[in-house]
């Protein structure tokens, strides 16, 4: 199979990149392992406010629908329930639907594989009932399943605040949010206030000592600053932050750098969201973990850059659009997450100085 | 930090570690192993780790391999469990033409006293019921087996360390000079001085040789391997092309490519290897592959080991070979004899580097 | 428990299906994954770990951790968080290494 | 960290086991992997990568940017062998023992 633009990942960044390219007449193929378009937005029921100026504030799943719908009129081929597994010698990528493996030749590749949640280990964290915070949200908002009756959340990011409220809304008792740091990590103070008001306790400077249970978790010991307590729970949601998913970049031989604020190791890329393999672009959380609005803008920048590299738009036009998109990115990102924005700038400056390269050369 | 040594071994792969360990049995102290990364990060950690005699030619090389295989059971007793299993080796074939070749192989081995049996289709299927029933026959050798390469090297290292061997890892050797009858080894971290120097650089042997002005004609060959999820034990033998580990995974692969030091995997070869697997063992079809990897093998120009003294450079030794896992116990033993006693219990003239000049 | 009336999304449950876990019938809804369908029915232990033989269940819900491995319609080691539940599906826990299957 | 805490869920490798091989000289995820099996299971380091790097960081003092990623490999997630296979039986890079024998004889 051949395509002009191959996008890996049908989340907000991939869809945005697809729109920029397909709407300018390019033939686009989108690959996603899931059965639906929209990626992690599909189960976001909270209202997302920090969005590119063309969008009104809306709920995550509505945004997913909008990003999908705007592609309807263009030449976009979806390969859902497909995933990338590797590379052929001639440079085409290997895609599978779990029945066959087939090559796709592309002119430009946009990798938008998103981020994955990190775990927080403690004794017996492998027990059933101990799941990631994202898994909990998926269960309630996508699968319409109550994951447990009595829960705690370990970790206190903005995302944890959203999910805490959503768990309460479907009738799960959230006993506490446990945070090892001395402060709540969430930046959206309004939201934190709402969580506090809802009656959920915040245990700061605290951590889980041990989970117990026979076939599944039934209680946990929590070390508070001054004492140790035991809580009866059947659900523990772990919020260990997120990190970019790098497998595809690694296979393609892209170089990497390290930016803790962007989630750790990330591919090297320049202001075009182009990696050091000139035919490989990237977008979204894979380029550094950020907010949904920022993720969409990065997809737009990558898409515009792809069009430019395929001479669909000229350099001046592309540069003009890119400058305004970068301004949008700065607005969205630096308002709530100035450190993320700063890390992104630093990362782009370090484009020519990767920390990890030639990963397959012995 | 100590910088003066009696013997320095460059290369912490299976050969370097075996030499270090065997040497440390004879004299304590004064031995250093230097590795540019960490043992197992190169060739020795990317292998199916067969202990394999079966199709080694010429016959005298097969004999040499056999001696090494024989040392394995004894080695496990000394350094600990390395998961060595003498399963027997089985090489299935699927054409009548190969049957003739198999018979010739068996004949030539008989002369040196290695027994290779040519099995009929029925005998193959009795020994290994999951082999493709379309099999025509197989060659079979009782002495073949496999080992866990990670355990092997870990155990060599631990035993060597216990005997006082020093290790310097993540320390690339930059240059080697000969001064006042001693070797000066300049590495990233520091400069060492040693009386004896052993080059055990595997695929990097050429590069190391250059530092002492010696041409060590070793090339690189890439092999790609598939790893399945652990399955209940179902394979009884080490089959040329695939084997089941103690832990249950099936390692699959028998590919050879010229790719220099590029250890990437390619779907072309991975899929070809998958084809081989389902051709050999059709009921593996549903098993899941969790990983692939690629190993860069050291391949001396003529395929045979390069072992022994380097003429004209006093106290310089080289040990570079393909099939390092199979040969490590023997090469460690022989090199120790050569360094400590000045002679070896079995002749190694044929493996001398002088054959290339 | 299934969420019949979601506070924001409303009544979204699609067509009900009957599936079997350890040969016992359970009800789930078409859009649910096998893992979610089991959790809705109070089944959270999906298998046992290989070495320490400890209970395991869904963890990441993203097809990454393989903690939700089960045997589905005769196929071993299926990531149950990644496939949809179907009418008549037969699901068994992942209790030991798969056996090779002659075919 | 409590020594018995599992770091690698798949292979059930504990903090203590990782600590031991770090004391033995292991410095990267891949060193630890080869010595302990950590990361060799079905998830192929997807869950434990960050946990292990954190342990390396804490025990050795190495900054995170000096602790490289583990080598990530195809097929990225488990795949059935029959999916990979194409049912062709002509081989180019893949050899058999008797193929090799031919090479020897030619030489």
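The values are calculated or read from the model by the stated rules, or taken from the named source; none is laboratory data. As the structure is a prediction and not an experimental result, all values here were calculated from the model. When we count neighbours, we look across all protein chains shown, and the Cβ atoms used for this are built from the backbone with ideal geometry, even at glycine.
Against the condition under 22 Å from residue A:117 (Cα atoms), in the same structural domain as residue A:39 (by TED's automatic domain parsing) and either touching a residue at least 12 places away in the same chain (Cβ under 8 Å) or buried (at least 24 other Cβ atoms within 10 Å of the Cβ) (or both), how does residue A:306 come out, does it pass? For residue A:306, the condition - under 22 Å from residue A:117 (Cα atoms), in the same structural domain as residue A:39 (by TED's automatic domain parsing) and either touching a residue at least 12 places away in the same chain (Cβ under 8 Å) or buried (at least 24 other Cβ atoms within 10 Å of the Cβ) (or both) - is not met.
Could we say that residue A:20 is over 30 Å from residue A:191 (Cα atoms) and in contact with a helix residue (DSSP H, G or I) (Cβ under 7 Å, 6 or more places away or on another chain) here? Yes, satisfied.
Of the residues making up region A:47-64, those that are assigned to a helix (DSSP H, G or I) and more than 12 Å from every other protein chain (Cβ to nearest Cβ) number 2.
Being crowded, with 20+ Cβ neighbours inside 10 Å, more than 16 Å from the chain's Cα centre (by Cα), at pLDDT 95 or above and within 14 Å of chain D (Cβ to nearest Cβ) holds for only one residue in A:85, A:8, and it is A:85. Filtering region D:59-73 to residues that are over 30 Å from residue A:86 (Cα atoms) and either surrounded by 14 or more Cβ atoms within 10 Å (Cβ to Cβ) or touching a residue at least 24 places away in the same chain (Cβ under 8 Å) (or both) leaves D:59, D:60, D:62.
Applying the condition of being assigned to a loop (DSSP other than H, G, I, E, B) and surrounded by fewer than 20 Cβ atoms within 10 Å (Cβ to Cβ) to region A:185-212 and asking which residue is farthest from the other protein chains (Cβ to nearest Cβ) yields A:187. Summed over region B:1-46, residues that are within 16 Å of the chain's Cα centre (by Cα), touching a residue at least 40 places away in the same chain (Cβ under 8 Å), in a loop (DSSP other than H, G, I, E, B) and within 17 Å of residue D:30 (Cβ to Cβ) total 6. The set of residues in region B:171-207 that are on the phi > 0 side of the Ramachandran plot and crowded, with 18+ Cβ neighbours inside 10 Å contains only B:202. Would it be correct to say that residue A:139 is free of Cβ contacts under 8 Å to residues at least 40 places away in the same chain and either surrounded by fewer than 24 Cβ atoms within 10 Å (Cβ to Cβ) or more than 17 Å from the chain's Cα centre (by Cα) (or both)? Criteria met by residue A:139. The set of residues in region A:64-76 that are within 13 Å of residue A:14 (Cβ to Cβ) and more than 22 Å from the chain's Cα centre (by Cα) contains only A:76. The residue that is nearest to the other protein chains (Cβ to nearest Cβ), counting only those in region D:34-58 that are over 15 Å from the mean Cα position of the chain (by Cα) and either surrounded by fewer than 19 Cβ atoms within 10 Å (Cβ to Cβ) or free of Cβ contacts under 8 Å to residues at least 40 places away in the same chain (or both), is D:54. Looking at A:323, A:301, just one residue is modelled with pLDDT of 95 or more, within 21 Å of residue A:4 (Cα to Cα) and outside any strand (DSSP E or B), and that residue is A:301. Please work out if residue B:291 is closer than 30 Å to residue D:77 by Cα, modelled with pLDDT of 95 or more and within 14 Å of the chain's Cα centre (by Cα). Here the answer is no, as residue B:291 does not meet what is asked.
Yes/no matrix, rows are residues, columns are (1) in the same structural domain as residue A:332 (by TED's automatic domain parsing); (2) touching a strand residue (DSSP E or B) at 6+ places or on another chain (Cβ under 7 Å); (3) without any contact (Cβ under 8 Å) to a residue 60 or more places away in the chain; (4) outside any loop (DSSP other than H, G, I, E, B):
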residue: A:10; (1), (2), (3), (4): yes, yes, no, no
residue: A:15; (1), (2), (3), (4): yes, no, no, yes
residue: A:18; (1), (2), (3), (4): yes, yes, no, yes
residue: A:21; (1), (2), (3), (4): yes, yes, no, yes
residue: A:31; (1), (2), (3), (4): yes, yes, no, yes
residue: A:34; (1), (2), (3), (4): yes, yes, yes, no
residue: A:41; (1), (2), (3), (4): yes, no, no, yes
residue: A:45; (1), (2), (3), (4): yes, yes, no, no
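Looking across region A:219-239, the residues that are surrounded by 13 or more Cβ atoms within 10 Å (Cβ to Cβ), in contact (Cβ under 8 Å) with a residue 60 or more places away in the chain and assigned to a strand (DSSP E or B) come down to A:220, A:222, A:231, A:235, A:236, A:237, A:238. Evaluation of residue A:73 against the conditions (1) within 30 Å of residue A:297 (Cβ to Cβ); (2) away from every other protein chain (no Cβ under 14 Å); (3) in contact with a strand residue (DSSP E or B) (Cβ under 8 Å, 6 or more places away or on another chain) shows that the sole unmet condition is (3). In region B:234-283, which residues are at the interface with another protein chain (Cβ under 7 Å from one of its Cβ atoms), farther than 29 Å from residue A:92 by Cα and surrounded by fewer than 24 Cβ atoms within 10 Å (Cβ to Cβ)? Answer for region B:234-283, where residues must be at the interface with another protein chain (Cβ under 7 Å from one of its Cβ atoms), farther than 29 Å from residue A:92 by Cα and surrounded by fewer than 24 Cβ atoms within 10 Å (Cβ to Cβ): B:234, B:248, B:283. Could you list all residues from region A:102-135 that are at negative phi and in contact with a helix residue (DSSP H, G or I) (Cβ under 6 Å, 6 or more places away or on another chain)? Once the filter is applied, which keeps residues that are at negative phi and in contact with a helix residue (DSSP H, G or I) (Cβ under 6 Å, 6 or more places away or on another chain), region A:102-135 yields A:108, A:110, A:111, A:112, A:113, A:115, A:117, A:118, A:121, A:133.
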